Structure formats: structure tokens, C-alpha cells
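Student: Before anything else, here's the structure in question.
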Amino acid sequence: MLFSLFESVLDKYTPAPRQIVLAFSGGMDSRVMLDLLATYRDIHSQHQYLVIHVHHGLSPNADTWLAQCERWAEEADFAFKGIRVSLTHKGESLEKAARDARYQAILKSVDDNALVLTGQHADDQAETFLLALKRGSGPAGLAAMPETRTMGHAELCRPLLEAHRKTIGEYAESQGLTWVEDESNLDNRFDRNFIRQEWLPVANKRWPGLTKAINRTANHCAEQELLLDELLISYDAEVIGEDASFSIDKVSSYSMVLQRALVRRWLKCVGKVSLSQAQLGEVFSSVINAAQDANPALRLSQGEVRRYQNKLWFVVHYQDISDWDSLLAVDRTVQLPDNLGVLALTKAKNGAPGLKLRTPRTDEPLRVIFDPERLFAHPVGRQGKRKLKKLFQEYGVPSWLRRRTPILLYGDTVAAVGDLFVCNDYVGDECELVWHKSQALNA
């Protein structure tokens, strides 16, 4: 019965050969998954299989667990990889830091489009639901864990999400399996452990079937979220620009309920950010409704929500590159810092995009910088020179991009700026400047 569930879920996501990877902690759930995967592999040999164990170093038994997991994987004839990680968890829980480190380590070790299996089950789903309920989450949070989700360049899959801990334990005993016991699972200082060991057993005794009911509610919430997305997607073209900004003007006449839903959806789309109710309130009070002459920003762990020209922008955290400097030459490219893309100056071609410049003289070495301080420029078609900082304002460059837009110097003079303009004394038909931007530039 358990294998049938496992096989039916995997079959849905493997219509063609792909790499299947087991995230193997060595606990009971993943130990059962290893046994099920061995049976599945013997039937479905067209796939590539890999077992990965991540060593967090949090327990004095971590080395023993790594060695034991490797032995179990070898006994089952699976390729195995053990990965050691170091944790930093400033401002976040140890559980989240360990989970994030585990997923990042796995992603670095798997193929594109790999199917990564984890052992969460129905009781884990109920615990996740209750943790979200404790935080006051809405339907998105109460939807808890989906069967599959995108995980970087791979796909995460939970084949046993409909199985209960009791069923998994019975399978383990029937197969004579042994597993490691993580002593931290007994520490009720962790909310999940308290729910698992103290709250749910008592609640299930009072209300048999509670775990199943919680899972049904989580599924209902997930369906409501899918429905909401289907309804809101029709607004995307109207409120979300090609530059990934969000138009405040476009939604100003909508009800506050719809405005809040659209802002939530926008942030989820452009920044993969799920806001709490308090954070969403801050977006409206501190950013959208800030004074018109303000430069408001709400800092989140993933980036900042900013307002510029009555639009919202999500800006990922970035480095200060004001001191960056690089030489350039005709028919050469330069890799820009901090994921800003590539800048190329090439001989002009008919119909090619980019800014058109004359060929630099031998006494005009080419440099690329980002600091506009004390620089002046005279764009073609404009009267006289102006401070570059002022020109950025006139060309509508958001404040956070004004030191992230490449400036091309011929000698010590500004010849062109990003993809904005060429200066008066440097226009020509011989060369073209093209900025191949990273997709993360505005996001």
C-alpha cells in the first residue's frame, strides 16, 4: 500500500528519464523512503539515482550519522554523496538556517530538472499547518506544503505527503529497518516538537481523525490560493510593468481588499516574497502612502520594497560598487560587478541595437565606472552640460540604480551612460555600446 502511493506520485513526475535524488537524513521517514526507492529503481531503471546526506555539524553524533547513511545507501546499491555545511542564522531560527543550508547544498550537487525527494508526511503537514495558524497566517500559509514545488533548477517532491506517521512506522517495522534518532527531535523548546509530542497526541485522543481533518483544510486552502491566482492573473498586464514595477496609479481606484491581494501577488511573482499581515500594512503605510517628496523603502530579508514615480519596485540587496573601475576596448566586453550583466563596445552593425559612438582616439583610453559624483555630461540633443546626478533624475533612473548604471569614459570625460544616452562630442557611426543586463537588475 505504501509503495503504491510512493510509485503513483513519482510516476506523475517522471514521464521521461530524469535524475531522482533522495535527501537522506537517516531518520525513520527517509530510511523508509530509501527502501521504497530501491524497489522503485528496480522497476524503473531508466532514471539516474542519487542519495545525498547533509552533515550540519549540530549534533555530536553527526559524523556517525553520515557514516551510517553512507553504509545504508551502499547496501541498497545507490550512488551516495555526503555534504558538510556550516550554518549562519543571524535573525532567523536554527531550523530555517539548517533547512536553507540543506537545500542549497543539495542544489549544488544535482542535475538540472532533478527530482529531489523528501520524507514529509501527513503528520508533518498537520504540524506545519498548526505552526502557520499560530503565526496568524492566511490561506497561503495554511495551505502548508505542496506535493511538489520548484527548488532552484530542480523540483522538490514529497511522495508520502498523504501517508501518516503510523503507516510509515508500521512499514519500517515490517521490513526490519533501523534508523538514526536525532536527539533534537525530543527538545520541546522547538515549537514543532512541542506540537508533535505534547499537543497533537492529546488533541487526536480527544478528536480522532483530527490530523486528517487538518490535512483536508490545508488542501482547501491550497485550492483557494490557486483559485485566487487564476482570478488575479487577469490584472497582471495592467498593474505589472515590463520592468517588473507595480503601478500604484492603476490600482488606486480598486477596493483595499483587491489592492492588498494584488500587492501580495506582485511581490510573490517578482521577489518570491510572502508578506505577513504586518509587513503588508507597512508597504501601504510606509511606502505607498509616504509623502510624495520622500524616497521610502521597506527592508525585508530578501530585499527592499521601494517607491519611485508612483510605482512600487522590489530591489534585491546589492553591493556598493561605487569604487569599481575597469578598462575597455573596441570589440571587447567587460563583465560588470554584482550581477549587473555585460557591457560591450563593438564595431557598429546595420540595424544593431545600442548607443552609436565614434571610434576613440589613441589618447582616449576607455574606462567603465559607476560613480557619478562630480561628473558632468552633455547628451546629444540637449543644451549644455549638466551634472550626471541631475541627468539621472531627468531620465527617470530610480535612485538605487544611479550608482549601478555603467558610465563609459573616453579619457576622463563621460562619453555614454548605460543604455541612456551618448554625449555630444562622442556621437558617431563607427561603434556601438550595448549593455546586456542581468534579469535581476531591477528585481
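The values are calculated or read from the model by the stated rules, or taken from the named source; none is laboratory data. Keep in mind that what you see is a predicted model, and the values were worked out from it rather than measured. Because the Cβ atoms are built from the backbone with ideal geometry, glycine has one as well, and the counts that use them run over all protein chains shown. Remember, those area values only see protein heavy atoms, side chains included, never the ligands or the DNA or RNA. Shrake-Rupley method; radii C 1.70, N 1.55, O 1.52, S 1.80 Å.
Student: Got a number for the accessible area of Trp72? Probe 1.4 Å, square angstrom, nearest 10.
Tutor: Rounded to the nearest 10, that gives 20 Å².
Student: Given the Cα atoms of the range 322-415, and with Rh set as the inverse mean 1/r over their pairs in the Kirkwood sense, what is Rg to Rh to two decimals?
Tutor: 0.94
Student: Shape verdict for the range 240-316, please, from the Cα gyration tensor: rounded (a/c under 1.5), prolate (a/b greater than b/c) or oblate. Could you put the intermediate results ahead of the total?
Tutor: Values: a/c = 1.16, a/b = 1.06, b/c = 1.10.
In terms of gyration-tensor shape, rounded.
Student: Convex hull over the alpha-carbon atoms of the chain: what's its volume per residue in Å³? Before the final figure, lay out the partial values.
Tutor: Values: hull volume 89.0 nm³, N = 443.
Considering the Cα atoms of the chain, their hull volume per residue is 201 Å³.
Student: Going down the table (Lys250/Lys311; Lys96/Lys272; Lys390/Lys437; Lys81/Lys108; Lys166/Lys205; Lys96/Lys212), which pairs top 21 Å between alpha carbons?
Tutor: The pairs that break the limit, which is 21 Å between Cα atoms, are Lys390/Lys437; Lys96/Lys212.
Student: Between Gln19 and Thr346, what is the label-point separation in nm under the 7 Å Cα-to-beta-carbon projection?
Tutor: 3.2
Student: If you average the sequence gap of Cα pairs under 8 Å that are 6 or more apart and divide by the length of the chain, what percent do you get for the contact order? Don't jump to the answer; show the numbers that get you there.
Tutor: Details: 661 pairs, mean separation 47.1, N = 443.
For the chain, the relative contact order is 11 percent.
Student: What part of the accessible area of the chain, given as a whole %, is carbon or sulfur when the probe is 1.4 angstrom?
Tutor: Here it works out to 49 percent.
Student: A further question on this structure: Per the helix-only calculation at 222 nm, which mean residue ellipticity applies to the chain, given -39500 (n - 2.57) for every DSSP H run of n ≥ 4 and division by its residues, nearest 500 deg cm²/dmol? Display every interim value, and only then the final one.
Tutor: On the way: 15 runs with 153 residues, N = 443.
Result for the chain, helices only: -10000 deg cm²/dmol.
Student: If you count, for each residue, the other Cβ atoms within 10 Å and average over each peptide, how do 242-252, 25-35, 109-119 line up from highest to lowest?
Tutor: Per-residue Cβ counts within 10 Å, averaged per peptide and sorted highest first, yield 25-35, 109-119, 242-252.
Student: Which whole-angstrom value gives the distance between the alpha carbon centres of the range 384-442 and the range 203-243?
Tutor: The distance from the Cα centre of the range 384-442 to that of the range 203-243 comes to 45 Å.
Student: Semi-axes of the equivalent ellipsoid of the range 1-216: what are they in whole Å, largest first, if each equals the square root of 5 times a C-alpha gyration tensor eigenvalue?
Tutor: Output for the range 1-216: semi-axes of 26, 21, 18 Å.
Student: Could you sort the peptides 189-197, 56-64, 230-238 by per-residue average Cβ neighbour count (10 Å cutoff), highest mean leading?
Tutor: Working: 189-197: 15.1, 56-64: 13.6, 230-238: 11.6.
Top to bottom by mean Cβ count within 10 Å: 189-197, 56-64, 230-238.
Student: Which order do Trp199, Trp435, Trp400, Trp207 take when ranked by solvent-accessible area (1.4 Å probe, heavy atoms of all protein chains), largest first?
Tutor: Ranking Trp199, Trp435, Trp400, Trp207 by accessible area, largest first, yields Trp207, Trp199, Trp435, Trp400.
Student: Here's another thing I want to ask about it. As a test question: what accessible area, to the nearest 10 Å², does Lys356 have when a 1.4 Å probe is rolled over all protein chains in place?
Tutor: That residue has around 70 Å² of solvent-accessible surface.
Student: Still on this structure, please answer the following. May I ask you to list the lysines whose Cα is less than 23 Å away from that of Lys387, ignoring any residue fewer than eight positions away on the same chain?
Tutor: Result set, ordered by chain and number: Lys356.
Student: Just to confirm, what accessible area per residue do you get for the range 159-311 at 1.4 Å probe, in whole Å²?
Tutor: Solvent-accessible surface per residue comes out at 61 Å².
Student: Further, regarding this structure: Give me the number: length gained by fully extending Thr64 to Asp182, i.e. 0.36 nm times residue separation minus the C-alpha to C-alpha distance, one decimal in nm.
Tutor: 41.3 nm
Student: Here is a follow-up. Would you tally the net charge around Pro379, using a Cβ to Cβ cut-off of less than 10 Å, leaving Pro379 out, and scoring K and R as +1, D and E as -1? Walk me through the intermediate numbers first.
Tutor: Values: positive: Arg382, Lys385, Arg386; negative: Glu394.
Surrounding charge for Pro379 is +2.
Student: Right, another one. Work out, step by step, the length gained on full extension between Glu373 and Gln302: first 0.36 nm times the residue separation, then minus their alpha carbon distance; give nm to one decimal.
Tutor: 22.7 nm
Student: Right, something else. Taking a cut-off of 14 Å between Cα atoms, list the aspartates and glutamates near Lys12, but don't count ones fewer than 8 places away on the same chain.
Tutor: Glu147, Glu155
Student: Now, a different point. Go ahead and run the numbers for FRET between Glu155 and Arg206, Cβ-Cβ distance against an R0 of 25 Å, rounding to 0.05.
Tutor: For Glu155 and Arg206, the calculated efficiency is 0.05.
Student: If the range 131-253 were replaced by its equivalent ellipsoid, with semi-axes equal to the square roots of 5 times the Cα gyration tensor eigenvalues, what would those be, largest first, whole Å?
Tutor: Details: eigenvalues 292, 68, 47 Å².
Computed over the range 131-253, the values are 38, 18, 15 Å.
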